[in-house]
1. I'm checking my understanding of the structure. Among residues of the range 59-79 that are over 17 Å from Lys163 (Cβ atoms) and not in a loop (DSSP other than H, G, I, E, B), which one is most open to solvent (accessible area, probe 1.4 Å)?
2. Could you figure out which of (1) open to solvent by 40 Å² or more (accessible area, probe 1.4 Å); (2) in a helix (DSSP H, G or I) isn't true of Asp12?
3. Name the residues in the range 227-250 that are open to solvent by less than 80 Å² (accessible area, probe 1.4 Å), modelled with pLDDT of 90 or more and of a type in the set (Gly, Ala, Ser), would you?
4. It is to be established whether one or more residues within the range 141-156 are open to solvent by 70 Å² or more (accessible area, probe 1.4 Å), within 30 Å of Leu290 (Cβ to Cβ), of a type outside the set (S, T, N, Q) and out of contact with any Gly (no Cβ under 6 Å at 6 or more places or on another chain).
5. If I go through the range 308-325 residue by residue, how many of them are modelled with pLDDT of 90 or more and under 28 Å from the mean Cα position of the chain (by Cα)?
6. For the range 389-441, enumerate the residues that are open to solvent by 30 Å² or more (accessible area, probe 1.4 Å) and closer than 23 Å to Ile206 by Cα.
7. So which of Met56, Met86 ends up being within 24 Å of the chain's Cα centre (by Cα) and open to solvent by 30 Å² or more (accessible area, probe 1.4 Å)?
Amino acid sequence: MGQQDVLLQMTDICKEFPGVKALDHVSLTVRKGTVHALMGENGAGKSTLMKCLFGMYAKNSGHIYLEGKEVNFKSSKEALENGVAMVHQELNQALKRNVMDNLWLGRYPKKGIMVDEKKMLADTKAVFDELGISVDPKRIMSTMPVSQRQMAEIAKAVSFNSKIIVFDEPTSSLTEEEVEHLFKIINMLRDRGCGIIYISHKMAEILRIADDITVMRDGTWVATEPASNMTMDKIIRLMVGRELGNQFPPKDNVPGEVALEVEHLTAQYSLLNDVSFKVKKGEIVGLAGLDGSGRTETLENLFGVATRKSGTIKLDGKQVLNRNARESIKNGFALLTEERRATGIFGILNIRENTVISSLKKHKKIGPFLNEDSMKKDTQWSIDAMRTKTPAQETKIRSLSGGNQQKVILGRWLLTEPEVLLLDEPTRGIDVGAKYEIYQLIIDLAKRGKVVMMVSSEMPELLGVCDRILVMSGGRLAGEVDARNTTQEEIMTLAAKYV
């Protein structure tokens with residue numbers, strides 16, 4: 001590899017947080033015109049390494065060279081201005097503003113002292129056309145699905161003429177069609193000579209798109225190899241440091257009698273229409289379908305966080321109204337949401353507070369006082385059960401990796417001792433090892449007679465964990481299949497039924 005090919009070189013990067021050595025002498029070299037995949041379990045240090053590059057964290061030691069020149073960005077703004085951009089997994093956007101405002105925020109084209117709206121629109125359209133993105137530049141961010149918001153984020157990175165673009169879990173909320181489009185864009189950027197750093201847990205994707213693969217484990221560098229030398233098994237071995245024989249635990253739950261009955265569920269403000277189904281005690285039922293098919297809306301209507309137009313919900317033969325989240329929790333329902341940052345975690349609170357916030361009733365002492373010991377005990381149970389990687393219960397949740405945040409939220413809901421657990425993409429953005437642990441927890445819950453319903457975009461996950469799969473299409477129930485003897489093709493055919 002000639003030195004002139006090297007776009008970015010990070011050498012011996014160390015980063016410590018109180019009580020944690022997050023990065024221990026990690027190095028990474030990205031060549032011009034290549035896609036470099038960065039892999040590792042949650043908490044391996046991938047995002048921390050990128051945040052050091054991006055100026056969001058100050059590294060403790062080590063060097064970063066961009067095109068041979070040493071750089072030390074103090075902020076993400078400085079990184080962007082020097083051609084280093086990052087498309088985050090958890091999108092941080094000004095949701096009340098429109099797409100083009102988000103694209104040019106802080107660098108509006110001016111006409112005198114006024115913003116030149118016309119030029120801004122033309123510039124936005126030019127970037128979108130070049131990338132083949134069909135998003136209305138004037139549309140308000142909050143009204144768009146996650147996938148389109150992500151496309152806007154990618155366009156923004158490109159508009160800075162970035163030399164290095166980091167993609168952090170870019171496909172975790174995209175449909176297969178959107179993934180194809182994203183890969184087209186990435187290949188186009190690669191052909192232009194950009195260096196792409198691609199962080200993902202999806203092995204098949206990585207093997208398809210990457211030129212080089214670097215694996216990290218527990219804050220250290222493990223290996224860098226050409227993708228052509230790698231196989232799925234080899235990557236897993238390097239990531240986990242052990243053989244991971246089976247991707248899924250054995251399904252040894254035995255469904256009992258019917259517990260949850262849903263009839264003619266129809267939503268007020270979404271396309272969800274006339275959905276009916278039954279779920280047994282101890283049964284894991286998956287919800288499959290394309291993005292926008294009504295999977296998430298089904299869970300939200302059951303949990304009362306979306307407005308129901310009509311339909312009845314019965315639990316153990318008794319009708320439950322579930323008009324809002326509080327009432328649903330009281331009725332024994334729990335909902336783990338897909339958008340962790342927006343609807344799941346309380347970023348400024350620590351792990352203990354995030355863990356017990358939904359089950360405070362259990363910890364009442366006298367009057368307004370809470371029992372510290374019982375809160376500590378429950379939090380410790382959650383940390384142990386989920387194998388959450390954290391220095392202490394007092395650690396702020398926002399400093400944990402995405403997968404560990406997910407484990408805290410799952411622990412929070414389990415402590416409410418729900419009868420019905422509604423999971424929306426429970427393993428989104430989580431590594432192989434942690435996924436297995438979450439699958440095991442789901443199966444254990446079913447074995448205790450709970451009703452579990454889970455939405456997932458990953459078909460192998462639904463087939464590997466569920467007993468039955470309901471397939472949604474265009475807001476309606478297109479059919480149901482037995483997870484033990486169906487195929488991905490059968491599910492995809494049903495998913496396209498009402499599109």
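1. Of all residues in the range 59-79, those over 17 Å from Lys163 (Cβ atoms) come to 59-63, 74-75.
From what's left, not in a loop (DSSP other than H, G, I, E, B): 61-63.
Working: Ser61: 50, Gly62: 20, His63: 82 Å².
Out of the qualifying residues, it is His63.
2. Result: Asp12 passes all but (2).
3. Answer for the range 227-250, where residues must be open to solvent by less than 80 Å² (accessible area, probe 1.4 Å), modelled with pLDDT of 90 or more and of a type in the set (Gly, Ala, Ser): just Ala227.
4. No, because not a single residue in the range 141-156 is open to solvent by 70 Å² or more (accessible area, probe 1.4 Å), within 30 Å of Leu290 (Cβ to Cβ), of a type outside the set (S, T, N, Q) and out of contact with any Gly (no Cβ under 6 Å at 6 or more places or on another chain).
5. First, pick out the residues of the range 308-325 that are modelled with pLDDT of 90 or more: 308-324.
Within this subset, residues satisfying the condition of being under 28 Å from the mean Cα position of the chain (by Cα) are 308, 322-324.
Adding up the residues that qualify gives 4.
6. Within the range 389-441, the first condition is being open to solvent by 30 Å² or more (accessible area, probe 1.4 Å), and the residues that meet it are 389-392, 394, 396, 398-399, 401, 416-417, 419, 436-437, 440.
The answer is Ser401, Tyr436, Glu437.
7. Numbers: Met86 fails: open to solvent by 30 Å² or more (accessible area, probe 1.4 Å).
That would be Met56, the only listed residue that is within 24 Å of the chain's Cα centre (by Cα) and open to solvent by 30 Å² or more (accessible area, probe 1.4 Å).
Yes/no per residue for (1) touching a helix residue (DSSP H, G or I) at 6+ places or on another chain (Cβ under 6 Å); (2) open to solvent by less than 30 Å² (accessible area, probe 1.4 Å); (3) acidic (Asp, Glu):
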{"site": "Lys281", "(1), (2), (3)": "no, no, no"}
{"site": "Gly286", "(1), (2), (3)": "yes, yes, no"}
{"site": "Gly292", "(1), (2), (3)": "no, no, no"}
{"site": "Arg295", "(1), (2), (3)": "no, yes, no"}
{"site": "Asn301", "(1), (2), (3)": "no, yes, no"}
{"site": "Val305", "(1), (2), (3)": "yes, no, no"}
{"site": "Ser310", "(1), (2), (3)": "no, no, no"}
{"site": "Asn322", "(1), (2), (3)": "yes, yes, no"}
{"site": "Arg326", "(1), (2), (3)": "no, no, no"}
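The values are calculated or read from the model by the stated rules, or taken from the named source; none is laboratory data. Predicted model, so just to flag it, every value in this text is computed and none were measured. When we count neighbours, we look across all protein chains shown, and the Cβ atoms used for this are built from the backbone with ideal geometry, even at glycine. SASA here: full protein model, heavy atoms, side chains in, ligands and nucleic acids out. Shrake-Rupley method; radii C 1.70, N 1.55, O 1.52, S 1.80 Å.
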